[in-house]
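The values are calculated or read from the model by the stated rules, or taken from the named source; none is laboratory data. Keep in mind the model is a prediction, meaning the values are calculated, not measured. Cβ placement follows ideal geometry from the backbone for every residue including glycine, while neighbour counts extend to all protein chains displayed. Only protein heavy atoms, including side chains, enter the accessible area calculation; ligands, DNA and RNA are left aside. Shrake-Rupley method; radii C 1.70, N 1.55, O 1.52, S 1.80 Å.
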Amino acid sequence: MDHLGTSVLFAGNNFSRLLGGLWTTIWIALLALLIGLILGTFLGMMRTFKNRPVRLILRLYLEFFRIVPTVVLLFLAYYILPRQLNINLPAEQVAVLTFALWVAAEFSDIVRGALISVPKHQRESGLAIGLTHWQLFRYVLLPQALTLELPATINLATRVVKTTSLLMLISVMDVINIGQQIIEANGQSHPNGIFWVYGLIFFFYFIVDYPLSLLAKKLNAANQH
Amino acid sequence: MDTNIIQAAIPKFIEGFKVTIWLSLIGIIGALIVGLICSLLQYFKVPIVSKIISAYIELSRNTPLLIQLFFLYYAFPVIGLKLSATFCGFIGLTFLGGSYMSEAFSGGFNGVSNTQIDAGKAIGMSRRQLARYVVFPQGLSLSMPALSANIIFLIKETSIFSVIAIPELTNTALDLIGIYYRSNEYLLMLVIAYAIILIPLSIVLTILERRVRYGSFGN
């Protein structure tokens, strides 16, 4: 037996279980991002409309998700969906739903910001050549907004990945939950295991998020020139 | 909804409220101090130290607070460093917030326009005078929006303290739900409690941002 405790990581199928947990974390983040970005694009477009009630409602939606911490959002969905609306979803789907709605709120603001900073003459030229409102968004505004919003979107993605660490709170078998099981199962034989298991999870998150934030930084610098 | 349940829980929520406010306050002050020191050392490009600071910033920004707290609270005792939950919360928030604040300050310092710096040089200011009288006053005002966004972010992050059983707002609510099984009332109170902290604060911060906008003039 070693005194370092690193052997806990590789004993039995521990390492592959941790990787499996990491995969759960990643697919939940990806799915939530995908749904949230699509929904957020539409909400962001609607926030540039002239209709006041629509803008007000979407603004309130955004502010709600900004004020309530994600932990609380997760518990709201976890307790309220089954009890009030009789919707019994597995915890993974509750998480995807919550994160997607949160991403949509945050992304709607990014999209709105990018859309209104597309030069005004672009919109007017589009209207002048007879594009419909939808064509204007589809062919003129959204493609131009995309480059502007890309760095902020990638930053949002790193936040989503970090936020998935909360999944263990609603008992999703994510990388942290599996790590805790391994720690508890090996607590007697490897009291130091806890240090290495949490260390590895720390490293996992870093490995996923670091390249993304590096990319966001590069794109941001490129945008400013 | 049962108003009796809500009334009965108010004292407990007030306790949680105090813990959240107190930990946010010291955590944010800690983060501002760490952030300012880090950004200054990076601004002056102090050799080696600024490399270490870059590594710290990347490490802290790209990992979740939850794992940072678990590491502090559960893994550090193994190597002989046993800290109380509250102290871990403070250290965790300062560790996480320090990097965010540092990036905010750096963004401000680097945003000061070159004409200002050239003008300072032209009237014969030394490097230190430039920093003291030109770059910092303007940089601080430029970093204000990012700083206030970080303050709001850090207060929300204190909700994660509930995982190491610090009796702040979220932990209080989850405890009460566990005991009395009334999720509606307690979750509503929890959302309202965060709104009571964050809505007035974000209004005050917006006003403050407008007040100190002088840095963006003359750009």
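The residue list A:118, A:111 contains one member that is outside any helix (DSSP H, G or I) and farther than 21 Å from residue A:166 by Cβ, which is A:118. For the stretch B:81-104, a residue qualifies if it is charged (D, E, K, R) and either within 10 Å of chain A (Cβ to nearest Cβ) or surrounded by 18 or more Cβ atoms within 10 Å (Cβ to Cβ) (or both), and exactly one does: B:103.
Taking every residue in the stretch A:202-225 that is farther than 15 Å from residue A:155 by Cα and pairing it with any residue that is assigned to a helix (DSSP H, G or I), at least 6 positions away or on another chain, the pairs with Cβ-Cβ distances below 7 Å are A:202/B:67; A:202/B:71; A:204/A:22; A:204/A:175. On the given criteria, is residue A:74 surrounded by fewer than 21 Cβ atoms within 10 Å (Cβ to Cβ), among the aliphatic types (A, V, I, L, M) and out of contact with any Asp or Glu (no Cβ under 8 Å at 6 or more places or on another chain)? No; evaluated as a whole, the condition is false for this residue. When residue A:56 is tested against the conditions (1) over 22 Å from residue A:205 (Cα atoms); (2) open to solvent by 10 Å² or more (accessible area, probe 1.4 Å); (3) within 13 Å of chain B (Cβ to nearest Cβ); (4) of a type in the set (A, V, I, L, M, F, W, C), the lone failure is (3).
The helices (runs of 4 or more DSSP H) found entirely in the stretch A:7-88 that carry 1 or more residues being touching a residue at least 12 places away in the same chain (Cβ under 8 Å) and farther than 26 Å from residue A:176 by Cα are A:14-46, A:52-67. Considering the conditions (1) part of a helix (DSSP H, G or I); (2) open to solvent by less than 10 Å² (accessible area, probe 1.4 Å); (3) within 24 Å of residue B:24 (Cα to Cα), residue B:166 is excluded by exactly one of them, (1). Counting the residues of the stretch A:123-142 that are under 15 Å from residue A:48 (Cα atoms) and open to solvent by less than 60 Å² (accessible area, probe 1.4 Å) gives 5.
Within the stretch A:5-36, the set of residues being open to solvent by 20 Å² or more (accessible area, probe 1.4 Å) and small (Gly, Ala, Ser) comprises A:7, A:11, A:12, A:16, A:20.
The set of residues from the stretch A:128-158 being small (Gly, Ala, Ser) and under 25 Å from the mean Cα position of the chain (by Cα) comprises A:145, A:152, A:157. For the stretch A:181-211, filtered to residues that are surrounded by fewer than 17 Cβ atoms within 10 Å (Cβ to Cβ) and over 26 Å from residue A:171 (Cβ atoms), the residue that is nearest to the other protein chains (Cβ to nearest Cβ) is A:210.
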